[in-house]
Structures are given as C-alpha cells and as structure tokens.
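Heads up, the thing below is written out as structure tokens.
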Protein chains: 4
Amino acid sequence: MINTKDEVIIRNILAADKQSWENLWQQYLHFYRADITPEITEKTFVRLCQGDSLSGLVAVNHDGQVLGLTHIVYHASTWSEKDYCYISDLFVDKSARGKNVAEKLFNAAYQQADSRGASKVYWMTQEFNSSARSLYDKIGQRTSFVIYQRKE
Amino acid sequence: MINTKDEVIIRNILAADKQSWENLWQQYLHFYRADITPEITEKTFVRLCQGDSLSGLVAVNHDGQVLGLTHIVYHASTWSEKDYCYISDLFVDKSARGKNVAEKLFNAAYQQADSRGASKVYWMTQEFNSSARSLYDKIGQRTSFVIYQRKE
Amino acid sequence: MINTKDEVIIRNILAADKQSWENLWQQYLHFYRADITPEITEKTFVRLCQGDSLSGLVAVNHDGQVLGLTHIVYHASTWSEKDYCYISDLFVDKSARGKNVAEKLFNAAYQQADSRGASKVYWMTQEFNSSARSLYDKIGQRTSFVIYQRKE
Amino acid sequence: MINTKDEVIIRNILAADKQSWENLWQQYLHFYRADITPEITEKTFVRLCQGDSLSGLVAVNHDGQVLGLTHIVYHASTWSEKDYCYISDLFVDKSARGKNVAEKLFNAAYQQADSRGASKVYWMTQEFNSSARSLYDKIGQRTSFVIYQRKE
C-alpha cells in the first residue's frame with residue numbers, strides 16, 4: 001500500500017470496487033476495440049478479486065474511486081522453476097493522467113511479483129502506442145521480441 | 001499423432017526421451033545464449049512430462065530419436081474464460097530441417113490447444129529471426145505487439 | 001448497401017457526390033501532405049465513378065453528405081489468376097468519427113472484393129499511424145511487409 | 001537490352017524461357033513457402049510473356065539460361081493519371097549472386113517503367129529480409145509504410 005501526496009493509493013482490487021472498476025475496464029476495452037461479453041467481464045472480476053491465477057491492483061483516490069487498474073497473470077515457464085509475472089492490462093483514467101499513476105501501478109506490480117517470487121515481469125504493447133512506450137522505456141526495457149498468433 | 005512418409009511422428013514427450021530431448025534443449029538454449037541450471041532443466045523436464053501447466057511435444061524418427069521439440073504453457077487470461085496457449089519453445093535439429101518438422105509441431109500444438117479448449121494460441125520471436133519468421137508468416141500472423149520487461 | 005441505426009449508408013460513389021467527396025478528398029490529401037493537381041483529382045473522380053480499374057465507395061448520411069470515402073484498385077497478380085484488391089485511400093470526416101464508419105467502409109470493400117472474385121485484399125499505412133493501426137489490428141492483420149520505392 | 005562484361009543480358013521474358021524460368025520461379029516460391037498450383041504458374045507465365053498487365057524480365061547468360069527474374073505489375077492509382085509500377089517478384093539464382101544481377105534487373109525495370117510512363121515504382125519485402133533490404137537501401141528508398149491484409 002502506497003500513500004502519496006496526491007492521495008492515490010495502490011491496493012489489491014476488492015469486490016466493492018466492482019462498479020468503479022468496470023467503468024475503467026470498459027474504457028480500456030474500447031481503446032483496444034475489444035468485444036468482451038458481460039459474462040467474461042463478470043468472471044474476470046471474480047478471478048481478479050480471488051488473486052490466484054489472476055491478480056488485480058487498483059489506484060484509488062481518497063473517495064475510493066478507481067483511477068487506474070492493472071491485471072496480472074502468473075504462469076509457469078520452462079526457463080525457470082518460478083512463475084513468470086505477465087502484466088496483462090493497464091489503464092489510467094484520463095482525469096488522472098500526468099500524476100504517475102501508471103508508474104505507481106507498475107511499482108506495486110513489481111512488489112507483488114517479488115513477494116510471490118516471480119522470476120520475470122513482462123508485458124506487451126502495440127509498437128505504435130507512443131504514449132505507453134514512452135513510459136515503458138523508463139520503467140522497463142524493450143526486448144527484441146514480437147508476437148505472432150494463430151490465424152483467426 | 002501424425003505419421004508421415006518421412007516417418008516423423010509428433011507425440012507427447014515421455015520420460016524415456018530425456019537424453020535425446022536434452023540434446024536438443026541444450027542446442028536451443030545455446031541459440032538464445034541462455035544460462036539454465038541443470039536443476040531447472042531437470043524440473044522443467046519433469047513438468048513437461050506431467051503435461052499440466054507445461055506440456056511438451058516432440059518430433060521423433062523411427063529410431064525414437066528426438067528431432068524437434070515444442071513446449072507449451074497454458075495460462076489464465078483476463079480477456080477470456082478459457083486459457084491461452086503460449087508456445088514457449090520450438091527447436092528442430094539441423095539434420096531434420098527442410099522437412100516441415102516445425103510446421104508439424106505447430107499443427108500438433110494447435111490440435112492440443114483445441115482439445116484443451118484454449119481461446120488463443122500465440123508465441124514470440126526476435127524481430128530479426130528471419131528464418132523463424134519466414135515460417136511464422138505462413139502458419140500464423142504477425143501482430144503489432146512488442147514485448148517489454150522489467151529491467152534486469 | 002448498409003443502412004444502420006445511425007443512418008450512415010455505404011454505397012458506390014456517384015457523379016452527384018462530386019462536391020461533397022472533394023471536400024473529404026482534400027482533407028485526406030492534406031493529411032498526407034500530398035500535392036495533387038486539380039486535373040488529377042478531376043480524372044480520378046471520373047474513374048472512381050466508372051468503377052472499372054478504380055472503384056469508389058462513400059459513406060453518406062441521410063442528407064446525402066459524404067462522411068467517409070474509400071478508393072479501391074483492382075490489379076493483376078503473379079501469384080493468382082484472380083485480381084488483388086488494394087484499398088488505396090480511406091478517410092472519415094472528423095465529425096463522423098467514433099461511429100464505426102471506417103469499419104463499415106472496410107466491410108463494404110470486403111463485400112465488393114468478394115463479388116468481384118478478388119483473391120486478396122490489402123492496404124498500407126504508415127507504421128506510426130496509431131489511430132489507423134488500432135482499427136486495422138481489429139479488422140485485418142498486420143503482415144511482415146514494408147514498402148520500398150524508387151528514389152525520387 | 002544490357003550487355004555486361006559478365007555477359008548477363010536483361011531482356012523481356014520469352015516463351016522459350018519457360019523451363020529455365022520455372023526452375024527459378026519454383027525456388028522463389030519455395031523461399032516464400034508459397035503454394036501455387038501448376039495452373040496458376042502456367043497462366044502467370046503466359047501473361048508475363050504477353051507483357052500487358054503483367055510484365056516479365058529475365059537475366060540470362062550467354063547460354064540463354066535464366067539466372068534471375070523480375071515480374072512487374074502495372075496498375076491504376078488514385079493519386080496519378082499514370083499507372084504505378086509494382087515490382088512483384090525478384091529472384092536471382094544462387095550461382096549468380098554477387099554479380100549485381102538483381103541491380104541490373106531493377107535498372108531494367110526502371111527503364112521499362114519510364115518507357116511506359118509509370119509515375120511511381122515500388123515493391124515490398126519482409127522487414128526481416130536483411131540481404132534483400134541491404135540492396136534495396138541502395139537502389140531505392142525505404143518508405144514508412146507497412147502492409148495490412150484481410151484476415152485469412
């Protein structure tokens with residue numbers, strides 16, 4: 001838990017965050033033009049709160065409003081006995097940008113990954129997402145890897 | 001299980017493949033200049049044979065020699081109720097190249113992913129790996145995603 | 001012809017669209033900093049209306065105002081007996097963005113390509129055009145190909 | 001027609017080149033892992049010899065053996081009254097590499113494009129094809145354009 005001068009707190013997602021979280025989640029999905037059914041959103045939220053294979057962190061203000069979210073997947077690796085930590089989703093509300101909220105979410109994810117003993121933390125972004133990459137070049141390092149997928 | 005005119009069979013990895021598999025695995029790690037301890041290799045092999053969070057497929061010839069390997073990780077996703085299938089490792093012995101062994105391994109991975117109900121199959125490669133990407137452009141599709149990781 | 005709840009209709013370009021079309025065309029050329037003479041614009045418009053080697057589709061509202069345009073080139077290929085369909089130009093008026101007009105234009109182009117028996121549909125974009133690529137990653141797939149040209 | 005000290009001549013493809021041409025064509029298709037039916041190859045060859053929408057140039061040695069090929073597509077453009085010249089295929093036999101055969105084929109294509117009044121000459125290559133791009137950076141200029149296609 002990190003308390004900052006802007007009073008943004010990063011903490012694990014709670015069942016009570018549902019409405020506030022979903023508002024951001026839908027904005028995030030809209031950005032990626034993703035079609036996710038209400039059923040998947042419902043199940044994802046439950047799994048994020050359970051904090052097992054999926055883990056959710058939120059940035060909240062003093063009113064408890066969710067200003068940012070990040071979702072983390074822990075999965076096995078052939079290169080390590082310990083799990084890898086994959087930061088699957090990250091989004092900050094427009095009203096809260098420019099206040100290092102994304103950076104705080106990353107730091108909290110790093111701490112969680114350390115506490116769980118993850119041997120690696122990684123994430124993806126579209127190569128043309130200049131505003132995201134500007135941050136990622138600071139708080140992480142670009143690798144030479146690109147992603148392929150099965151034809152849809 | 002696919003039996004071809006070249007007598008290359010794709011099947012799940014077995015404990016008896018240990019020595020033959022490790023020969024390819026070490027070549028693959030050498031290609032990526034990766035330092036993996038014997039303990040990790042040992043544990044990874046056990047987990048690949050168990051076929052739970054990790055799954056291993058091998059291409060073997062009529063003598064049972066491992067000519068190719070692929071390792072698969074199934075993991076949770078926030079965008080889907082079903083797991084994603086991540087093809088973590090792929091390697092074909094130099095002596096067996098040009099015989100579509102990699103393509104057969106991919107097809108077997110696709111089949112396994114379908115049988116497990118995975119909602120997506122994806123993998124990574126270095127953007128400059130021209131021989132790998134030549135194949136991947138045929139059997140898959142390049143996405144716009146690049147990978148970032150926590151600074152080491 | 002697609003009639004939606006927003007009353008945006010996609011149809012072939014008509015001679016009567018000239019003024020409304022040219023307004024968008026000039027904005028599109030301005031975006032690419034392209035210098036096209038009035039003579040070329042005139043001849044291109046005529047050819048788009050003829051619908052032979054060039055084909056034009058427009059998105060119009062209930063007043064008949066052109067809100068979006070796409071221009072298509074059909075050309076021979078050495079890899080196929082059938083023509084390839086190249087989507088040459090695409091532009092949506094700022095006032096009409098966020099209403100899936102571009103997506104509707106693409107769907108209409110796909111339908112036209114199918115009706116003409118084209119064996120492939122492809123298009124280009126600058127690698128840094130993030131808003132375009134965000135859409136293209138959804139309705140198409142990025143290939144590994146880049147474009148070279150003769151030195152000017 | 002260009003006669004060089006290595007006695008490599010660049011000329012239009014002729015019906016008599018069929019067998020020698022097809023040998024190279026199949027190697028080229030193999031490089032791209034492309035599956036082209038014999039019927040398409042047959043029809044493509046006929047159209048290349050006709051020199052209408054498709055045009056073929058070959059590099060031949062003093063024995064008339066085809067050492068290199070390039071295929072050109074002329075197509076309409078919305079940005080120009082004149083056609084664009086798209087260099088669709090280019091391949092040089094391994095035995096003839098290092099002798100500027102590809103460069104000569106490009107120069108002949110440029111001349112043909114000029115004689116036909118084409119307003120642009122362009123071509124594509126996979127971003128990871130380092131040996132091709134090394135040449136293209138010399139005889140042409142890279143643009144910022146990448147290619148998308150309809151999902152297959």
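The values are calculated or read from the model by the stated rules, or taken from the named source; none is laboratory data. Keep in mind that this is a model prediction, so the values were computed, not measured. With ideal geometry, Cβ positions are generated from the backbone for all residues, glycine too; neighbour counts draw on all protein chains shown. Heavy atoms of the whole protein, side chains included, go into the accessibility calculation; ligands, DNA and RNA do not. Shrake-Rupley method; radii C 1.70, N 1.55, O 1.52, S 1.80 Å.
Summary of values
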quantity	calculated
Pairwise FRET efficiency - residue D:46 versus residue B:152, Cβ, R0 = 56 Å, nearest 0.05	0.45
Pairwise label distance in nanometres, residue C:139 with residue A:23, each label 7 Å out on the Cα-Cβ vector	3.1 nm
Selection from C:24, C:53, C:148, by position along the positive dipole direction of chain C (Cβ)	C:148
Value of [θ]222 nm, deg cm²/dmol, for chain B, DSSP H segments ≥ 4, -39500 (n - 2.57) each, nearest 500	-11000 deg cm²/dmol
Cα radius of gyration and Dmax for region A:26-108 (Å)	14.0, 43
Listed residues B:20, B:131 arranged by accessible area, highest first, probe 1.4 Å	B:131, B:20
Solvent-accessible surface ranking, highest first, for C:25, C:79 at 1.4 angstrom	C:79, C:25
At 7 Å out from Cα toward Cβ: residue B:99 inter-copy label distances (nm, ascending)	3.5, 6.1, 6.3
Rounded to 5, percent antiparallel among DSSP beta bridges of chain B	85 percent
Number of partner chain Cβ atoms within 10 Å, mean per residue of D:126-138	4
Modelled FRET efficiency - R0 51 Å, residue B:95 with residue A:14, Cβ distances, 0.05 increments	0.35
Debye, to nearest 20: dipole size of region A:10-152, +1 on Lys, Arg Cβ, -1 on Asp, Glu Cβ	340 debye
Cα-centre dipole for the protein assembly as shown with unit charges at Cβ (Lys and Arg positive, Asp and Glu negative), debye to 20	600 debye
Whole-number percent relative contact order across region A:1-92, with pairs defined as alpha carbons under 8 Å at least 6 apart	27 percent
Highest-MSF residue in chain D out of D:99, D:138, D:82 [GNM, Cα springs under 10 Å]	D:138
Global form of chain A, assessed from the alpha-carbon gyration tensor, a/c cut-off 1.5	rounded
Accessible surface of residue C:145 - all protein chains present, 1.4 Å probe, nearest 10 Å²	50 Å²
Three-way shape label, the protein assembly as shown, alpha-carbon gyration tensor, a/c 1.5	oblate
Heavy atoms of residue D:49: accessible area, 1.4 Å probe, square angstrom to 10	50 Å²
Cα-projected label distance for residue B:33 with residue A:33, points at 7 Å along beta-carbon direction, nm	3.8 nm
